[in-house]
Amino acid sequence: MPGARVLVAEKNAAVVMDIAAILDDAGITVSGHTTNLAELVRLVDRVEHDALLLNARLHDGHTFDLARTSRTPLAFLTTFRPAELPRDLRDLPLIRKPFAPGDLVNTVTALLPTVAAGVHAVRPDRSLR
């Protein structure tokens with residue numbers, strides 16, 4: 001998916017580095033990352049992205065409310081089992097940690113069908129920068 005951009009919310013910096021390297025090999029860019037929910041809320045409006053990878057629990061809270069209101073395709077990247085997610089979010093893609101690189105790439109690629117055609121999901125308001 002050359003040109004695709006993913007915003008990552010993950011509390012472990014080493015995992016973010018692994019995600020970035022794996023996705024980069026697949027032609028997908030990590031356009032931003034954060035370890036906390038407050039920053040994630042800001043980044044969603046300020047960083048161009050086509051998909052979100054969300055750890056279910058960040059340092060300052062769960063990402064469930066953001067997942068419910070997101071206009072962007074997303075997947076959870078977490079140690080949570082499906083039954084540990086709220087019922088209304090269990091149908092979202094879930095990548096369980098530890099994850100295989102192929103599972104990560106396949107899940108992210110499945111989130112991005114319109115990117116191949118040059119249509120990006122979210123373009124932040126430039127006035128916020």
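May I ask you to say which residue of 76, 64 is over 17 Å from residue 109 (Cα atoms), at pLDDT 95 or above and either touching a Pro at 6+ places or on another chain (Cβ under 8 Å) or basic (Lys, Arg) (or both)? Outline the logic, then answer.
On the way: 76 fails: over 17 Å from residue 109 (Cα atoms).
That would be 64, the only listed residue that is over 17 Å from residue 109 (Cα atoms), at pLDDT 95 or above and either touching a Pro at 6+ places or on another chain (Cβ under 8 Å) or basic (Lys, Arg) (or both).
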*asked:* farther than 19 Å from residue 31 by Cα, crowded, with 16+ Cβ neighbours inside 10 Å and within 14 Å of the chain's Cα centre (by Cα): which single residue out of 43, 94, 66 fits that description?
replied: 94
*Among the residues of region 25-38, how many are part of a helix (DSSP H, G or I) and within 14 Å of the chain's Cα centre (by Cα)?*
1
*When residues of region 69-88 are filtered for being of a type in the set (Val, Ile, Thr), exposed (fewer than 13 other Cβ atoms within 10 Å of the Cβ) and not in a helix (DSSP H, G or I), how many remain?*
1
*Near pairs, Cβ below 8 angstrom, 6+ apart or cross-chain, from region 22-47 (under 13 Å from residue 61 (Cα atoms)) to any residue that is assigned to a helix (DSSP H, G or I)*: 34/40; 34/43; 35/13; 37/66; 40/66; 41/66
*What number of residues within region 40-55 satisfy the criterion of being more than 14 Å from residue 75 (Cβ to Cβ) and in contact with an Asp or Glu (Cβ under 9 Å, 6 or more places away or on another chain)?*
2
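The values are calculated or read from the model by the stated rules, or taken from the named source; none is laboratory data. Small disclaimer: the values here were computed from a predicted structure and weren't measured. Note that we place each Cβ from the backbone using ideal geometry, even for glycine, and neighbour counts take in every protein chain shown.
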